[in-house]
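Peer 1: Pasting a structure here, questions to come.
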There are 4 protein chains.
Amino acid sequence: MILELEKNISSENKAKFLSKLFEKDVHFREISFGDRGLIHVQENGDLISLGEFSGVNEVRSSQQFKLASREFKPEDTVVDVGGVKIGGKKLVSIAGPCAVESLERTLEIAKRVQDSGAEILRGGAFKPRTSPYSFQGLQHKGIEILAEVKARTGLKIITEVIDTETIDEVAAVADIFQIGSRNMQNFSLLKKIGKTKKPVLLKRGLAATLDELLLSAEYLLSEGNPNVILCERGIRTFANHTRNTLDLSIIPTVKEVSHLPIIVDPSHGTGKRNQIYDMSLASIASGADGIIVEVHNQPSEALSDGFQAIEPSDFQKLMRDISLIANVRQRHF
Amino acid sequence: MILELEKNISSENKAKFLSKLFEKDVHFREISFGDRGLIHVQENGDLISLGEFSGVNEVRSSQQFKLASREFKPEDTVVDVGGVKIGGKKLVSIAGPCAVESLERTLEIAKRVQDSGAEILRGGAFKPRTSPYSFQGLQHKGIEILAEVKARTGLKIITEVIDTETIDEVAAVADIFQIGSRNMQNFSLLKKIGKTKKPVLLKRGLAATLDELLLSAEYLLSEGNPNVILCERGIRTFANHTRNTLDLSIIPTVKEVSHLPIIVDPSHGTGKRNQIYDMSLASIASGADGIIVEVHNQPSEALSDGFQAIEPSDFQKLMRDISLIANVRQRHF
Amino acid sequence: MILELEKNISSENKAKFLSKLFEKDVHFREISFGDRGLIHVQENGDLISLGEFSGVNEVRSSQQFKLASREFKPEDTVVDVGGVKIGGKKLVSIAGPCAVESLERTLEIAKRVQDSGAEILRGGAFKPRTSPYSFQGLQHKGIEILAEVKARTGLKIITEVIDTETIDEVAAVADIFQIGSRNMQNFSLLKKIGKTKKPVLLKRGLAATLDELLLSAEYLLSEGNPNVILCERGIRTFANHTRNTLDLSIIPTVKEVSHLPIIVDPSHGTGKRNQIYDMSLASIASGADGIIVEVHNQPSEALSDGFQAIEPSDFQKLMRDISLIANVRQRHF
Amino acid sequence: MILELEKNISSENKAKFLSKLFEKDVHFREISFGDRGLIHVQENGDLISLGEFSGVNEVRSSQQFKLASREFKPEDTVVDVGGVKIGGKKLVSIAGPCAVESLERTLEIAKRVQDSGAEILRGGAFKPRTSPYSFQGLQHKGIEILAEVKARTGLKIITEVIDTETIDEVAAVADIFQIGSRNMQNFSLLKKIGKTKKPVLLKRGLAATLDELLLSAEYLLSEGNPNVILCERGIRTFANHTRNTLDLSIIPTVKEVSHLPIIVDPSHGTGKRNQIYDMSLASIASGADGIIVEVHNQPSEALSDGFQAIEPSDFQKLMRDISLIANVRQRHF
């Protein structure tokens, strides 16, 4: 359960309550959410009665997810990524290669997408791959390349973290942790990332319902990390004209039930280069807070997923046109 | 197989070929496609050798669907519905109640949506319903009401045809036949509708792949009806935050492989009133040729599907904003 | 709504009630269910108050489907197909080619499957095909072949009826109408078949839920045809190791909520010849009332779906082993 | 890539080849598979030419998965769990509570299922839960309870390992590691478990294709752990009469393309207590190598998933009847 301490709770009452928790030997953690003070209590069957404590209230919501719900926090969350804001009037554009392949190539792509308006560079160093025989990313060397590109361009960096062992290494360069769709319910990873305050992009799992996505976000929030950005990247259905089925209807639904920002990944969401333009426009039109797109300067040579990357010149045109769509929604890039 | 007669085929050669078909006792049907002459030959195993006939070529395509493919017809098809064009620069807006309920209500809704820019009125007289105990539509009386509303407003009419028995009755008032998703593979119905020249809106089945949708269109085309409009209206997936999952990625895919126009039904596609605005904008942004939306002046009293209908005032705002989206795609309403 | 007349209702009370229905100008139909008298009343909003009529009760169920529910009829329905019983202790084996191709071949296959214990011959004369260019069945000639094979072997015949126009023609030879998965929600067809008393095999649609399947059965039952047999034949999912995903868990679920018999089609359910043996055994083990299997004497030459047909010798082995499985469930072939 | 060393390769040739790998600075790992010597080489683009080395061959298969394929190993793999064999003529029965709740309860359930023929006890100590507010398992204390029950009953233990941090702790008591469906593509976890030799039950992900399941198995195999058992536990589809859709057709498919054993979890596969009997029978009839079933002595009080657990007396009846089914398949419990 999640408890909220009233702003004016006396230190006496707070101390009294905390000692009760110690006495009952339950696990609990104090977290803050903006200027609100919360306590996440891990109960194992033994329910806590709050009646006797003033200034302590249970966070309730008609949803299973509490902290992620709009009932808990009516106003939109705007995540601040070193000055780049995600979730406000300004939309975010994240672009870059699927995998980091070399310094030269990554730098070249970075400059091109930056010129077109991207503020954050994507690029995988640790790559989760379906087959053990596929390229697994440059790993440590990839992180070094990202650090170099970050230093030279000033772009913010998002890169995937695939296990708890490499969190610190990834954190050294990443401005945003990316949690991939296969790890959406890797709860040990979520708990550890939740203990940092670093922004995190949580991608929807291939078979995840809305509630499951938001409950995974709740793992992050309830550990004390309020900087959660959701990402729709396609679900698995019978439809075979795309690699996945991009479920844009989740955008207005998330906006209704949650305060968290949500962006769209049309590259994985369709898996087809020639649908990215159209589906990016559709994403922004549906109310998304931004896009994350794979851009490669030689897609046919890409070490992973080249078939779904667009070229920098296409990205330039895309940025121009989604800016016009943004205007219709009274937002801008 | 589909054969194409060269424009300058001599009448002697054509006669020679047709007599060969008679001789082989195969079923065949001459159809025209614009100014192109085609013959649909129904073979049962016994293949026709074309080598000896000049001026007759088989229509080939890398797709299973032939006449629906862009290889057969590179330019976009624009369907003319009594002056309202579907598939060109101008987009189409179709609106109205799920079911025709009374003359007064239908007329009221019709006038309101017409004021906001709709050119075609939707409204079901024959309703296919999951339960035999649900309201099955006003049927004959519903057709009469539509005729009256058409006469008074000048709006074009689209209404569903659910079986071969009622084709003539529906045809008397409908400017566009609607074939519902449950009937997308009702091949007897498709064949009969294909023998008319009246425009037809073919809705994608709940579990239909792209190829299946276009092969159902091919049933219509190969019977001689070139006036086919496709409609995406959501597919059935595990996702439970919407009634169906609107698969907008089919829009750019259809545009790539086919010349047929395609519109979107965000009402059935989401089944949620408060998602219609966002998904309509997304539909137009993705490149759709128009939308078909359920509008009702008292949704809570609707005899069917009221939960997914919007009110006329919401429709007015919707039309205003999708017009701006259309402009970004260099199209207009 | 469905009303039940008490067995001892006086003719006076019954007449009084029927005249009330005439007076209110509602559509209604008297049907019988075994020795129970029912009235299906089609209401359009205007509710009938039963309070004043004695001997007339509304059929209620916790399910949307009423007549198909076990609450309405606790004991299992056993459909009698000219002496072959479906739904009782004895299980049914239906086998034969996907499509009727010639008298010789059909007769040969019929004799072989009969020798192995099949009591009913399957074979399509009217074939619903995804593409208009695929073999559409021998149609009228196919019906004649089935009639001849029936006369010579004494096997009962099941064959598909694809539209209302050909019901009479199909009825002349068929002991069981087959309604294919694409037509599960072809309500006009269901209503017409429901007006006959001939047994009907209703196949589950590719994307049909349990409730939708049983509501389609309800269309048949509420028109007065109690001889409904359900059929699980695979659903459409993301899984790609089979053509469809055979959902055997629907068998115990149907047994729980409905009194109707249900059989399994492992041929369409998997679309893979080498899975039919295993999935047939699993079907009987799960509690199904029988199987319907595609058998062809030269699968590689079959005009449709040969890849999912087994040979007569395989069918013989299958019958032997599913008989052993049946015994475990205290049933037999 | 995976390389196989010929049995009679000279130590000189082997040394020559290994020094080549060192020289090229590629990551590689020597593993054994029975008495076969393999080398897993992690290439990053730079392909190794084998032409010059005798006694070294690439393992090839028509499938993406190599070591898991029947082409690599034609005979069935039988995993030995401390004397309990999985994959041979004898089938395995695994039973127990969803979560370990107390020593008394776990012991009571363990004895009851052991009496009915179960050889392995299931029970979760570390529980992956959709919501952070749900019971997360007794964790360390749960492991202690399992150790005690193991000591007292002699049952083998299977329990879930949810992250790399707790592998050693789980390994201390587990005879089989369980990798849950949410972690099927947690590649870091797979790699670490693959480095042990302990048997591992790999559950199919909710949206995993056959290839993905076997490629995850390949992660385990290619790290050197040959003791992999697969588990079908239901996939996510639109069907709503069960929690998941049990896809039994994967059983014969796995048997065809792979040598690995596969068992079925009808508890998670259906999520409905009253379907477990029927689906267990169907599982064994389809050719599965065993079942894993949730049994609880007071399902209504279970701390997790009680609705899908059966009582010990039901388990007893189940064991009796699936033994009869096993006999039909010429196997036994």
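Peer 1: Tell me yes or no: at least one residue of the stretch A:141-157 is away from chain D (no Cβ under 12 Å), free of Cβ contacts under 8 Å to residues at least 40 places away in the same chain, closer than 18 Å to residue A:97 by Cβ and among the basic types (Lys, Arg).
Peer 2: yes
Peer 1: Here's something else I'd like to know. Say whether the condition of being at pLDDT below 95 and farther than 24 Å from residue C:200 by Cα is met by at least one residue in the stretch C:314-333.
Peer 2: Scanning the stretch C:314-333, I find no residue that is at pLDDT below 95 and farther than 24 Å from residue C:200 by Cα, so the answer is no.
Peer 1: Checking the conditions here, which among C:290, C:224, C:306, C:271 is in contact with a His (Cβ under 7 Å, 6 or more places away or on another chain) and in the same structural domain as residue C:201 (by TED's automatic domain parsing)?
Peer 2: Details: C:290 fails: in contact with a His (Cβ under 7 Å, 6 or more places away or on another chain); C:224 fails: in contact with a His (Cβ under 7 Å, 6 or more places away or on another chain); C:271 fails: in contact with a His (Cβ under 7 Å, 6 or more places away or on another chain).
That would be C:306, the only listed residue that is in contact with a His (Cβ under 7 Å, 6 or more places away or on another chain) and in the same structural domain as residue C:201 (by TED's automatic domain parsing).
Peer 1: Would you confirm, using the coordinates I've provided, whether residue B:253 is polar (S, T, N, Q), more than 14 Å from chain C (Cβ to nearest Cβ), in a loop (DSSP other than H, G, I, E, B) and farther than 18 Å from residue B:130 by Cβ? Break it down into steps so the answer makes sense when it comes.
Peer 2: Values: polar (S, T, N, Q): yes; more than 14 Å from chain C (Cβ to nearest Cβ): yes; in a loop (DSSP other than H, G, I, E, B): no; farther than 18 Å from residue B:130 by Cβ: yes.
Criteria not met by residue B:253.
Peer 1: Taking the conditions exactly as written (at pLDDT 95 or above and within 11 Å of the chain's Cα centre (by Cα)), does residue D:244 satisfy them or not? Don't jump to the end; show me each part of the working.
Peer 2: Details: at pLDDT 95 or above: yes; within 11 Å of the chain's Cα centre (by Cα): no.
It is false that residue D:244 is at pLDDT 95 or above and within 11 Å of the chain's Cα centre (by Cα).
Quick grid of which residues meet (1) in contact with a Pro (Cβ under 8 Å, 6 or more places away or on another chain); (2) buried (at least 22 other Cβ atoms within 10 Å of the Cβ):
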residue: D:131; (1), (2): no, no
residue: D:142; (1), (2): no, yes
residue: D:158; (1), (2): no, yes
residue: D:164; (1), (2): no, no
residue: D:167; (1), (2): no, no
residue: D:176; (1), (2): yes, yes
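Peer 1: Write out, first by first residue and then by second, each pair whose Cβ atoms fall under 6 Å of each other, whose residues are 6+ apart or on separate chains, and whose first residue, in the stretch D:13-24, is within 12 Å of residue D:39 (Cβ to Cβ) while the second is at pLDDT 85 or above.
Peer 2: Between residues of the stretch D:13-24 that are within 12 Å of residue D:39 (Cβ to Cβ) and residues that are at pLDDT 85 or above, the close pairs are D:17/D:56; D:21/D:28.
Peer 1: Tell me, which residue of the stretch A:277-305 that is among the polar types (S, T, N, Q) and in a helix (DSSP H, G or I) is surrounded by the most Cβ atoms within 10 Å (Cβ to Cβ)?
Peer 2: Narrowing the stretch A:277-305 to residues among the polar types (S, T, N, Q): A:280, A:283, A:286, A:297-298, A:300, A:304.
Keeping just the survivors that are in a helix (DSSP H, G or I) gives A:280, A:283, A:300.
Working: A:280: 29, A:283: 32, A:300: 8.
Checked the stretch A:277-305; the qualifying residue surrounded by the most Cβ atoms within 10 Å (Cβ to Cβ) is A:283.
Peer 1: Another one. Among the numbered conditions (1) buried (at least 19 other Cβ atoms within 10 Å of the Cβ); (2) outside the structural domain of residue C:265 (by TED's automatic domain parsing); (3) among the charged types (D, E, K, R), tell me where residue C:122 comes up short.
Peer 2: (2)
Peer 1: Please specify each residue of the stretch C:1-24 satisfying the condition of being outside any loop (DSSP other than H, G, I, E, B) and closer than 14 Å to residue C:221 by Cα. Quick ask: steps written out before the conclusion?
Peer 2: Here is the first cut: in the stretch C:1-24, the ones outside any loop (DSSP other than H, G, I, E, B) are C:2-5, C:11-24.
Selection gives C:2, C:3, C:4.
Peer 1: For the stretch B:170-209, what are the residues that are in a helix (DSSP H, G or I) and within 12 Å of chain C (Cβ to nearest Cβ)? So that I can check it myself, show each step before the final result.
Peer 2: Let us first name the residues in the stretch B:170-209 that are in a helix (DSSP H, G or I), namely B:170-171, B:181-183, B:187-194.
If the condition is that a residue be in a helix (DSSP H, G or I) and within 12 Å of chain C (Cβ to nearest Cβ), then B:181, B:182, B:183, B:187, B:188, B:189, B:190, B:191, B:192, B:194 are the ones that fit.
Peer 1: Tell me whether the stretch C:82-95 contains one or more residues that are among the aliphatic types (A, V, I, L, M), assigned by TED's automatic domain parsing to the domain that holds residue C:140 and in contact with a Phe, Trp or Tyr (Cβ under 7 Å, 6 or more places away or on another chain). So that I can check it myself, show each step before the final result.
Peer 2: Within the stretch C:82-95, the subset among the aliphatic types (A, V, I, L, M) is C:84, C:86, C:91-92, C:94-95.
Still in the running and assigned by TED's automatic domain parsing to the domain that holds residue C:140: C:84, C:86, C:91-92, C:94-95.
Filter once more, so that each one left must be in contact with a Phe, Trp or Tyr (Cβ under 7 Å, 6 or more places away or on another chain): C:91, C:95.
Yes.
Peer 1: Which one is farthest from residue A:165 (Cα to Cα), of the residues in the stretch D:158-169 that are within 13 Å of the chain's Cα centre (by Cα) and within 14 Å of chain A (Cβ to nearest Cβ)? Outline the logic, then answer.
Peer 2: To start, the set of residues in the stretch D:158-169 that are within 13 Å of the chain's Cα centre (by Cα) comprises D:158-161.
If we keep only those that are within 14 Å of chain A (Cβ to nearest Cβ) as well, we get D:160-161.
Values: D:160: 20, D:161: 16 Å.
The extreme case among them is D:160.
Peer 1: What about residue C:62, is it modelled with pLDDT of 95 or more, among the small types (Gly, Ala, Ser) and closer than 22 Å to residue C:211 by Cα? Break it down stepwise before answering.
Peer 2: Working: modelled with pLDDT of 95 or more: no; among the small types (Gly, Ala, Ser): yes; closer than 22 Å to residue C:211 by Cα: yes.
Criteria not met by residue C:62.
Peer 1: Here is a follow-up. Can you pull out the residues in the stretch A:221-235 that are within 12 Å of chain D (Cβ to nearest Cβ), closer than 30 Å to residue A:276 by Cα and hydrophobic (A, V, I, L, M, F, W, C)?
Peer 2: Correct list: A:235 only.
Peer 1: Give me a count of the residues in the stretch C:256-276 that are facing chain D (nearest Cβ under 8 Å), crowded, with 21+ Cβ neighbours inside 10 Å and either aromatic (Phe, Trp, Tyr) or within 29 Å of residue C:191 (Cα to Cα) (or both).
Peer 2: Total satisfying the criteria: 1.
Peer 1: Further, regarding this structure: Return the total of residues in the stretch D:230-276 being free of Cβ contacts under 8 Å to residues at least 40 places away in the same chain, under 23 Å from residue D:329 (Cα atoms) and of a type in the set (S, T, N, Q).
Peer 2: 2
Peer 1: Could I ask something else about it? Looking only at the stretch A:256-276, which residues are β-branched (Val, Ile, Thr) and in a helix (DSSP H, G or I)? Working first, answer last.
Peer 2: Our first condition is that a residue be β-branched (Val, Ile, Thr); within the stretch A:256-276, this holds for A:257, A:262-264, A:270, A:276.
Hits for the stretch A:256-276 are A:257, A:270, A:276.
Peer 1: Something else: Condition (residue is surrounded by 15 or more Cβ atoms within 10 Å (Cβ to Cβ), in contact (Cβ under 8 Å) with a residue 60 or more places away in the chain and not β-branched (Val, Ile, Thr)) applied to the stretch D:39-59: is it met by at least one residue?
Peer 2: Yes: one or more hits.
Peer 1: Out of the residues in the stretch D:25-65 that are part of a strand (DSSP E or B) and aliphatic (A, V, I, L, M), which is nearest to the chain's Cα centre (by Cα)?
Peer 2: For the stretch D:25-65, the residue satisfying everything is D:31.
Peer 1: A further question on this structure: Scan the stretch C:306-332 for residues that are more than 27 Å from residue C:101 (Cβ to Cβ) and outside any helix (DSSP H, G or I) and jot them down.
Peer 2: Across the stretch C:306-332, the qualifying residues are C:329, C:330, C:331, C:332.
Peer 1: Still on this structure, I have one more. Consider the stretch A:225-265. How many of its residues are over 23 Å from residue A:72 (Cβ atoms) and touching a Cys at 6+ places or on another chain (Cβ under 8 Å)? Explain how you work it out, then say what you get.
Peer 2: Taking the stretch A:225-265 and keeping what is over 23 Å from residue A:72 (Cβ atoms), we get A:233-249, A:264-265.
This time we only want the ones that are touching a Cys at 6+ places or on another chain (Cβ under 8 Å), so: A:264-265.
Count: 2.
Conditions (1) modelled with pLDDT of 90 or more; (2) in contact with a Cys (Cβ under 7 Å, 6 or more places away or on another chain); (3) under 18 Å from residue A:195 (Cβ atoms), marked per residue:
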{"site": "A:9", "(1), (2), (3)": "yes, no, no"}
{"site": "A:14", "(1), (2), (3)": "yes, no, no"}
{"site": "A:20", "(1), (2), (3)": "no, no, no"}
{"site": "A:40", "(1), (2), (3)": "yes, no, yes"}
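The values are calculated or read from the model by the stated rules, or taken from the named source; none is laboratory data. Source: prediction; values computed, not measured. Every residue, glycine as well, gets a Cβ built from its backbone with ideal geometry; the counts of neighbours run over all protein chains shown.
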